[in-house]
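Peer 1: Can you keep this structure in mind? I'll have questions shortly.
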Amino acid sequence: MVRKAKLRTGRALGALMALGAVAGCGQSVPDPHDTAPGPRASHSASPAAPTAPPTLAPGPGGLAPVFANGPRNDGKTVALTFDADMTADQGERAAGGERFDHPELIASLRRLKVPATVFMTGRWAEEYPDQARAIGADPLFEIANHSYSHHAFTGDCYGLPRVAESEMRADVERAYTAFRTAGVKKAMPYFRFPGGCYDDAALREVSAAGVTAVQWDVVSGDAFATDADAVAQQVLDGVRPGSVVVMHCTRSAAPTTERALRRIVPALREQGYRFVKVSELIGAASRKG
């Protein structure tokens, strides 16, 4: 059975999928001395050994684990995530001036001192290597994998072209290669399915790449939104302790996100929330698991 994330409704969703910009922004893939996605292995307790990012154990039958939110009873934490979407066939549009990046949003996150996780496509990293490298070098952020192509890993996924089952692992690994080529030193072993669509076959294939699949429990509704206040309110209404919020950092697809962020951050802080990266929520979940 195909599991399809509840992203957005109506024409905005269809238009977003047509653009290949499902869910926001933009690093890292490991060299042999960095923590790398791949077959899970034990690590030495030596102080010189790198610390492996937290992951979840594979599911039954070796399926990749799926993470949507952290513990609800482990303090008021929330992870803002931003998908840096660009599909494999959008080079001409980028060459024509369409912007799939959003430097102002990244600058606002830095100014507000908000940790965040950026789910980046490999094609995005190829288009904006300087930005990918800078985001990956900033300790405020972590970079995770959103596929190379931003094509669907199931059928019937909002009209996205489909990756053949035999090519799924290669698509994930090609994204990590693109990050490394851009100069990203380390990428997290987390993967977000394009469109949020997956089934057991997709989970089995990406599991071979050593990743935890990361979904979300709060949809910002920022895709092609024109009302920043409405986006902010949707996030504020949805957040609970341990929430993962999905947003965009793609100017052409989500022009109001940066303005919404400037309302979301102080409002959640006033409610006592602490912003964390996805890795912290996964770590908390694994300790409680």
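The values are calculated or read from the model by the stated rules, or taken from the named source; none is laboratory data. All values reported here derive from a predicted model rather than from experimental measurement. Note that each Cβ is placed from the backbone with ideal geometry, even for glycine, and that neighbours are counted across all protein chains shown. These accessible areas exclude ligands, DNA and RNA; they are computed on the full protein's heavy atoms, side chains included. Shrake-Rupley method; radii C 1.70, N 1.55, O 1.52, S 1.80 Å.
Peer 1: Evaluate region 137-146: report whether one residue or more is in a loop (DSSP other than H, G, I, E, B), of a type outside the set (A, V, I, L, M), at pLDDT below 95 and open to solvent by 50 Å² or more (accessible area, probe 1.4 Å).
Peer 2: The answer is no, given that none of the residues of region 137-146 is in a loop (DSSP other than H, G, I, E, B), of a type outside the set (A, V, I, L, M), at pLDDT below 95 and open to solvent by 50 Å² or more (accessible area, probe 1.4 Å).
Peer 1: Sort out which residues of region 163-198 are surrounded by fewer than 17 Cβ atoms within 10 Å (Cβ to Cβ) and either under 14 Å from the mean Cα position of the chain (by Cα) or assigned to a loop (DSSP other than H, G, I, E, B) (or both), and write them in order of number.
Peer 2: Within region 163-198, ALA164, GLY183 meet the criteria.
Conditions (1) closer than 13 Å to ARG251 by Cα; (2) among the aromatic types (Phe, Trp, Tyr); (3) surrounded by 23 or more Cβ atoms within 10 Å (Cβ to Cβ), marked per residue:
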residue: PRO71; (1), (2), (3): no, no, no
residue: GLY75; (1), (2), (3): no, no, no
residue: PHE82; (1), (2), (3): yes, yes, yes
residue: ALA88; (1), (2), (3): no, no, no
residue: GLU92; (1), (2), (3): no, no, no
residue: PHE100; (1), (2), (3): yes, yes, yes
residue: SER108; (1), (2), (3): no, no, no
residue: LYS113; (1), (2), (3): no, no, no
residue: ALA116; (1), (2), (3): no, no, yes
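Peer 1: OK, next. Based on what the data block shows, is ILE264 open to solvent by less than 30 Å² (accessible area, probe 1.4 Å), in contact with a helix residue (DSSP H, G or I) (Cβ under 6 Å, 6 or more places away or on another chain) and closer than 25 Å to ILE135 by Cβ?
Peer 2: Yes, satisfied.
Peer 1: Continuing with this model, one more query. Here's a check for you: in region 230-261, which residue that is surrounded by fewer than 16 Cβ atoms within 10 Å (Cβ to Cβ) and charged (D, E, K, R) is nearest to the chain's Cα centre (by Cα)?
Peer 2: Filtering region 230-261 for residues that are surrounded by fewer than 16 Cβ atoms within 10 Å (Cβ to Cβ) and charged (D, E, K, R), the one nearest to the chain's Cα centre (by Cα) comes out as ARG240.
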